[in-house]
Amino acid sequence: MSHKQTRLFSDEEILSWITEITEEDIKSVHQKSLVPFYDQLWVSGDGAYLKDFKSGKEYLDCTSQAWTANIGFSNPDVAYGVSQQLERLSHVRYGFPTIPRVKFIHRISEIAPKNLTKIAVNAMGGSAAIEAALRLAMINKPDSQQFYTYTRGYHGSTLATMTLSTRFAGVTRFRPWGFDRVSKIPFPYCYRCPVGQESEKSCHLECLELAKHQIEYGSVDKVCGILMEPIQGPGGHIPAPKRYLKELRKWTEKNNIFLIWDESQLFTRIGHWFSSEYYNGVTPDITCLTKAIGGSLPIGCTLAREDLIGFNSAEEHSTFGANPLMFVSGLVFMNYVEKAKLLENTRREGEYITSNIRKLQQKYPYIAEVRCPGLMIGIELVLDPETKEPANTLAADLIEEAMTKGVIFGHMAPISTDSGKLFRNVVKIKPPLIITREDSDLIIEVFESALEEAIDYL
Ligand SMILES: Cc1ncc(COP(=O)(O)O)c(C=O)c1O
């Protein structure tokens, strides 16, 4: 018996929904939407470039649209795989396994740190993966409900993950929920050391000692876990020092506290699959991935130690949590990164861009720090290297100027302190990992010329 379904619409009709629009439609959507729209209307993406509908202009996208398009926009292998899967089976609910789901799990376990062998996947992205990680930790330590997270950290936009995040001005403006269970400890942000150290030589990880003291003596409940981005993203592309993570890991192990990582932005972007490769083998008990690993489709993964008790079927499920399309695009993503040797390219181009921008530091003392690894580049701008006054407007103007020159740079999320100080002074360069040397040269050239013009506005 044939179950062939018939098409109701012509190709032209469907294509018109994707590629045609009137000025009136664009104007009037503002009134109907609960969220703001930007001026551009992105109509197509090709590799590392995005095309604006109105102007027809192409932009080299150094945001990868929230650290996601790591193998480029409209990757042809993803397009083929997803469309083939779509023609075969478009959706199943959580309890129904499919071939891509099984293969995805095997593939990720081939590249994951050896101690992280268990995995749960959802299709709702990072916030859901982080919440799953916390629930998993609580299942495994039912008498401990307190968590610690870091200043300047970001973990999502749901009510619980907002509580776990720093208060980003205008981003996480709601009052935290479950606040009594979450406390913050200082992130080891060496350029602005939370305990006043000025050089690596004199530093004895005093900020870690302070965090340990706070956890030991200041907790209101038994401590379940510490959640962190090993390299902070929205907070300004700030890597925790390697020796900090090594000592933290030793201490959490000794004290039976779960170390939970949020690697949402880091997977492949730092020139390694997982952060533990960059951190000389230091591994967490649980880690979370999202963004790039979905190959452009929404996905959130929680990976955990083999000996941890997993979820029952009611505790971790979601309507789209087994959607086969995301498993296909995720599988293509991992295989593409390997076959196209993108980890090597990321390290090579990241090193090339950062070393060239560092050369500009002498000429422009506004460039305080150029941070990496890989293509997770953060450039902190200050008005005065002595006072370290954040150069917020300089960063904003630089980004605007670069946009007119055809390069989109990222801007750190705004962080405001209680005393009213605002930090929005990090320019982020995080292009797709497929960039060529020519693209890197364009990035360096546009960064310098946009900086010069932004300096003129000061
Ligand atoms: C470090 C980090 N964690 C978690 C999230 C939340 O992911 P999602 O927006 O998919 O919920 C983000 C999103 O930007 C992120 O950057």
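The values are calculated or read from the model by the stated rules, or taken from the named source; none is laboratory data. From a predicted model like this one, the values you see are computed outputs, not experimental measurements. Ideal geometry is used to build each Cβ from the backbone, glycine not excepted, and the neighbour counts take in all protein chains shown. Only protein heavy atoms, including side chains, enter the accessible area calculation; ligands, DNA and RNA are left aside. Shrake-Rupley method; radii C 1.70, N 1.55, O 1.52, S 1.80 Å.
Over every pair of different alpha-carbon atoms in the range 342-457, take the mean of 1/r and invert it; report that Kirkwood radius in Å. Walk me through the intermediate numbers first.
Details: mean 1/r = 0.0698 Å⁻¹.
Answer for the range 342-457: a Kirkwood hydrodynamic radius of 14.3 Å.
Which value results when the Cα radius of gyration for the chain is divided by 2.2 N^0.38 Å?
Details: Rg = 22.6 Å, N = 458, 2.2 N^0.38 = 22.6 Å.
For the chain, the normalised Cα radius of gyration comes out at 1.00.
Among the listed pairs K222/K430; K184/K388; K359/K421; K405/K428; K118/K222; K141/K184, which are separated by more than 27 Å between their Cα atoms? Walk me through the intermediate numbers first.
On the way: K222/K430 39 Å; K184/K388 24 Å; K359/K421 30 Å; K405/K428 16 Å; K118/K222 25 Å; K141/K184 20 Å.
Table pairs above 27 Å Cα-Cα are K222/K430; K359/K421.
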Please give the net charge around I377, taking every other residue with its beta carbon less than 9 angstrom from that of I377, where Lys and Arg add +1 and Asp and Glu add -1.
+3
To the nearest 0.05, what FRET efficiency results for A79 and Y217 with a Förster distance of 56 Å applied to their C-beta separation?
0.50
Kindly rank 60-67, 9-16 from highest to lowest mean number of other beta carbons found within 10 Å of each residue.
60-67, 9-16
From the Cα centre of the range 352-371 to that of the range 170-230, the distance in Å is 29
With all protein chains present, the range 342-457 has a carbon and sulfur share of its accessible area (1.4 Å probe) in percent of 48
Looking at Y336, F179, L303, which one has the Cα that reaches farthest to the positive end of the dipole of the range 79-339 (charges on Cβ: Lys, Arg +1; Asp, Glu -1)?
Y336
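If you roll a 1.4 Å probe over the range 79-339 with all protein chains in place, what percent of the accessible area is carbon or sulfur? Could the numbers behind the result be given before it?
On the way: 6440 of 11500 Å².
Of all accessible area on the range 79-339, carbon and sulfur atoms account for 56 percent.
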At 0.36 nm per residue, minus the direct Cα-Cα distance, what do A314 and N256 gain on full extension? Give it in nm, one decimal, please.
18.2 nm
For a protection proxy built on the mean count of beta-carbon atoms within 10 angstrom, sort 229-240, 156-167 highest first, please.
229-240, 156-167
R348-I26 pseudo-label distance in nm [points 7 Å out on the Cα-to-Cβ vector]
3.9
Quick check on the chain: helices-only [θ] at 222 nm, where DSSP H runs of length 4 and up contribute -39,500 (n - 2.57) each and the sum goes over total residues. Nearest 500, please.
-11500 deg cm²/dmol
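Whole number in Å², please: accessible area per residue of the chain, 1.4 Å probe, ligands, DNA and RNA not counted. Write down the numbers at each step before the final one.
Values: 22350 Å² over 458 residues.
Spelled out: the 1.4 Å probe surface of the chain, per residue, equals 49 Å².
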Diffing the range 385-391: the Karplus 3J(HN,Hα) column from phi (6.51, -1.76, 1.60, θ = phi - 60°), in whole Hz with x for Gly and Pro, holds x, 6, 7, 6, 4, x, 8
Note: H106 to E389 extended length (0.36 nm per residue) minus current alpha-carbon separation gives 97.0 nm
Please work out how much length the chain gains when fully extended from F174 to Y457, using 0.36 nm per residue of separation minus the C-alpha to C-alpha distance, in nm with one decimal.
98.4 nm
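Near Q65, within a Cβ-to-Cβ distance under 11 Å, what is the net charge of the other residues, with Lys and Arg +1 and Asp and Glu -1? Write out the running numbers ahead of the final one.
On the way: positive: K291, K430; negative: D61.
Result for the local shell: +1.
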Mind jotting down the distance between the C-alpha centroids of the range 388-411 and the range 59-114, whole Å?
32
For G235, what is the net charge nearby, where nearby means another residue's Cβ is under 13 Å from its Cβ and Lys, Arg count +1, Asp, Glu -1?
+4
